[in-house]
Every structure is written in C-alpha cells, then in structure tokens.
Amino acid sequence: MYDLIIRAARLCDEQVVDIALQDGRIAAIGCVQGSARHERNLAGRFYLSAGWIDSHVHCYPKSPIYHDEADAIGVAHGVTTVVDAGSTGADHIDDFYRLTRTATTQVFALINIARTGIVTQNELADMTQIDGEAVQQAVTRLPDFIVGLKARISSSVVGKNGVQPLIKAKAIQQESGGLPLMVHIGNNPPDLDQIVDLLTTGDIITHCFNGKPNRILTPQGELKVAVKQAIARGVRLDVGHGSASFNFAVARAAIAQGILPDTISSDIYCRNRLAGPVHSLAHVMSKFFSVGMTLPQVIDCVTVRAAAGLRLTRKGQLKVGYDADLTVFSVKQESRPFIDSEGEQVAGDKHLIPLAAVVAGEWFTTEEGAAHELSL
C-alpha cells in the first residue's frame, strides 16, 4: 500500500498520469494499480510538476536587511525547496541552519563569502571580511545545507575593491571542492566584462535581466561578447528578480535572441513579497509568458534546471526514486498586470496559480488553493 496516490495529474506535456508516493520518494508513475492510505484526484484538470525550487531567496529571519520566513515564501505558494542566496556568512550560518530545521519548506543555503553575510549593503567593501578558512569550516560542518557560495559584485557592495572579492571567491571555491558560485551583478564598477571573464563552468550570474547600464546587453540590444563567451563555457543565467533587478525590455530582447535563463528565481524577502513587485515565485514565473517563454520552459527553470545548477540530487524531476516533492498548479487565462523592477507594466494574458505543494510525500494546500476552495 502506497502512502499517497495522486490520480489523473496533468503534466506540462499534456500527458495525464497517476503518481504514487511511498516513504518520501516517488514510487510509481503511469497508470498506478493498487491502493494508498490517501488519494487525491486531479481529474486531468490541474497540472503537476516536480516541486518548484526557488534558487535565490532571502529567508534568514534575523537578517536586518533582507529577511523572511521560509514557509511564507515556500509551501504557502507552491514552492517545495528554497535556496537562500548569501543572507548569512560563516558567523551566522549555523544559527540559520538551526532555525530552518522546523520549516516545512526544504531550505538550503549559499554561504556569503563575507563572514557577516548581508548585515550591511557593502559587506565586501572590507576585504578582511572575506575568510576562506571560515567558509571551508562551515561547508565541512554543514555539507547537506550549504550547496554553494555567494558573492555580490556590484559597486554598492564592493566599494573600491573592484573584482578583488570575486578573485578571492574563486580561490575559496577551489578550496571548498568546487561548489557552485552565484555572482550578483548590478551597477558598475566593476564592469560586467571584468566579472564574467573570471567565471567558469557551473558559476551562476544572478540578476541576469537587470536593466542597469552594466547589463548583459549592449546599447544596441545585442548580447555582450564576454557574456556570450561565458555562456559557451557553461556559466549559467539566473533571474533573481528582486526589487531592482528585472527589466521586461532586457528579458524580451534577450529571449528573442534565444538567450533563455537557466533558472527563474525570485530574490524574495518580506518587503518585496508583500509590496511587490515580486509577491511570489509563481508571480515571477508568470511574467515570463509575456516575454516569449512557454509553460514547459518556465517549469524546467524551477525544476530540473534549478536542481542541476545547485546539484540537488533526487530533486527536480518526476522519476521513480526521486524525492516526493511536487507542485500542483493551474494556468489561468485572464488579463493581469505585471510590473518589473523599474515600474514598467505589462498586461499578461495568463498566470500560474499554485494550488498545493507536496514535500517529502506530505500534501499542503497553498494560500491560493485555499482561496480557490480547492478540494481534492
């Protein structure tokens, strides 16, 4: 007997299948025979995917600048896994780990190369904050929690240090076993070309569609040569929408040239969740229908591609033996305004509504599902 069978689930390729879950793993997919302790029937009406992964959030509750609660940005809105992007450094990573063990949402972290994490807006203006040995010790203590490194390389963060913090980050990366390195880009200096020239296979550029002068496109709207070369080396593009880092025009121009993001992430914290323009990962994902992406492409960016980029094994795919993390959602066809980080408004014609999250085999109805009186 299975723990849970979800009947007649509609996949992004429009197949309709049953999925059986047992002991926190996917046990069977297809036309599932047998019974379960619990059953949910989607009747072919609602979509189901691997659990959504938000690969750039801020959910250390004690952070003085960017903070939130993991479940408020996670299972409440259909997200089964979140990855905090550098809120904490070596000084507070253990406390962060302890606090997140009671969350239903699965929480991982990118450790900030600055010991303090983000307690000020310029944590890398003082090079003495960068302590490679402390990072290595933290990774050794928490290998199942720390999945990568984070370095914010923009003028307001690094001050007069230019790319020197990034050079240090790359050295720490090598000393820490080659963990993925996520690099925040924004205002220059340093110039984007200097940054991307230092990046190697598996590194992640976040805020990839920001509209600042230091963006990935030239003034003529073409992909900068250095960025093109970096992508060819296997450098990945992450959205990291946030309060100031997503521009519809840049995203539209890039995607029209075939420059799709590897991952769609929110850069969410309490303020931009409540007041916008982020609101939720689903809200951010929905914006990409308006700039030329399809439903399967969007879902891939928060499932299989997100899991691959941060080496989250057994996540991101609907396969027997993988973690029983699933998201149930609908696609609503209706006009709705979407606003980017610079105030441009676009009338989207469809949006995603997350209805339920399944984490390690346990079903949680989302805020949206409750509001729509979902009964399955």
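The values are calculated or read from the model by the stated rules, or taken from the named source; none is laboratory data. Everything numeric here is computed off the predicted structure, so don't read it as measured data. Cβ: placed from backbone, ideal geometry, glycine included. Neighbour counts: every protein chain shown. All accessible areas refer to the heavy atoms of the entire protein, side chains included, with ligands and DNA or RNA removed. Shrake-Rupley method; radii C 1.70, N 1.55, O 1.52, S 1.80 Å.
In the elastic network of the chain, a GNM with C-alpha springs shorter than 10 Å, the most mobile of A85, A226, A275 is A275.
Work out, step by step, the length gained on full extension between R233 and Q136: first 0.36 nm times the residue separation, then minus their alpha carbon distance; give nm to one decimal. Write down the numbers at each step before the final one.
Details: separation 97, 0.36 × 97 = 34.92 nm, distance 2.58 nm.
Full extension from R233 to Q136 adds 32.3 nm.
Taking a straight Cα-Cα cut-off under 18 Å and skipping sequence neighbours fewer than 8 places away in the same chain, the aspartates and glutamates within cross-link reach of K319 are D3, D13, E14, D18, D23, D300, E362. Annotation: amide H of I118 within the under-5 Å range of T88, G89, sequence separation 5 or more or interchain, hydrogens built in the peptide plane.
Here the 3J(HN,Hα) profile of segment 71-86, calculated from phi with Karplus coefficients 6.51, -1.76 and 1.60 at θ = phi - 60°, is 6, 5, 9, x, 4, 4, 10, x, 9, 8, 9, 10, 10, 6, 9, x Hz, Gly and Pro shown as x. Under 11 Å from a label point set 7 Å out along the Cα-to-Cβ vector of Q15, the amide N atoms of segment 286-322 belong to 318-320. Each residue of segment 316-321 was assigned a 3J(HN,Hα) from its phi angle through the Karplus expression (A = 6.51, B = -1.76, C = 1.60, θ = phi - 60°), giving x, 9, 8, 9, 4, x Hz with x at Gly and Pro.
Pop the C-beta distance of K319 and V346 into the FRET formula with R0 = 30 Å and round what comes out to the nearest 0.05. Before the final figure, lay out each step's value.
Values: r = 35 Å, r/R0 = 1.18.
Calculated value: 0.25.
The H on the amide N of R25, modeled in the peptide plane, is under 5 Å from the matching H of A324, each at least 5 residues off or on a different chain.
Residue ranges 365-372, 237-244 sort as 237-244, 365-372 when ordered by packing (mean number of other C-beta atoms within 10 Å per residue, highest first).
Keeping every protein chain present and rolling a 1.4 Å probe, give me the accessible area per residue for segment 52-310 in Å². Provide the component values of the computation, followed by the final result.
Values: 8710 Å² over 259 residues.
So segment 52-310 comes to 34 Å² accessible per residue, rounded to a whole number.
Screening the chain for whole DSSP H helices with an alpha carbon extent of at least 15 angstrom along the helix axis and a mean Kyte-Doolittle hydropathy of at least -1.0 yields 164-175.
Extending 7 Å from the Cα toward the beta-carbon at both D23 and S243 defines two label points whose distance is 4.7 nm.
Proximity of backbone amide H atoms, modeled 1.01 Å from N, is registered between I204 and L181, M182, V183, R236 at under 5 Å, excluding neighbours fewer than 5 places apart on the same chain.
Would you rank V346, V79 by solvent-accessible area, highest first, keeping every protein chain in place and using a 1.4 Å probe? Write down the numbers at each step before the final one.
Numbers: V346 20, V79 0 Å².
Most to least solvent-accessible, the answer reads V346, V79.
For K228, a cut-off of 19 angstrom between C-alpha atoms picks up these aspartates and glutamates, skipping any fewer than 8 places away in its own chain: D191, D193, D197, D203, D238, D262.
Per DSSP H run of n ≥ 4, the term is -39500 (n - 2.57); total these for the chain, divide by its residue number, and report the mean residue ellipticity at 222 nm rounded to 500 deg cm²/dmol. Show your work: numbers first, answer last.
Working: 13 runs with 90 residues, N = 376.
Helices in the chain give a 222 nm mean residue ellipticity of -6000 deg cm²/dmol.
For segment 203-349, the square roots a ≥ b ≥ c of the C-alpha gyration tensor eigenvalues yield an a/c of 1.5 or more together with a/b not exceeding b/c, which makes the shape oblate. With both bridge residues required to lie in segment 52-310, what share of the DSSP beta bridges run antiparallel, to the nearest 5%? Counting only bridges with both partners in segment 52-310, antiparallel ones make up about 5 percent.
Here the 3J(HN,Hα) profile of segment 295-310, calculated from phi with Karplus coefficients 6.51, -1.76 and 1.60 at θ = phi - 60°, is 4, x, 5, 5, 5, 4, 6, 10, 10, 4, 6, 5, 5, 5, x, 10 Hz, Gly and Pro shown as x. Annotation for E69 and S335: the two label points, set 7 Å from Cα along the Cα-Cβ direction, are 3.7 nm apart. Over every Cα atom in the chain, the radius of gyration and the widest Cα-Cα span, Dmax, amount to 20.1, 65 Å. Note on the chain: GNM, Cα springs under 10 Å; of D325, D349, D68, the largest mean-square fluctuation is that of D349. Here the accessible area is traced with a 1.4 Å probe on the protein chains. For segment 52-310, carbon and sulfur cover 51 percent of it.
Note the full-extension length gain between D191 and T120 as 0.36 nm times their separation in residues minus their Cα-Cα distance, in nm to one decimal. Stretched out fully, the D191 to T120 stretch lengthens by 23.3 nm. Of all lysines in the structure, the ones whose alpha carbon falls short of 26 Å from that of K315, not counting any fewer than 8 places away in one chain, are K150, K287.
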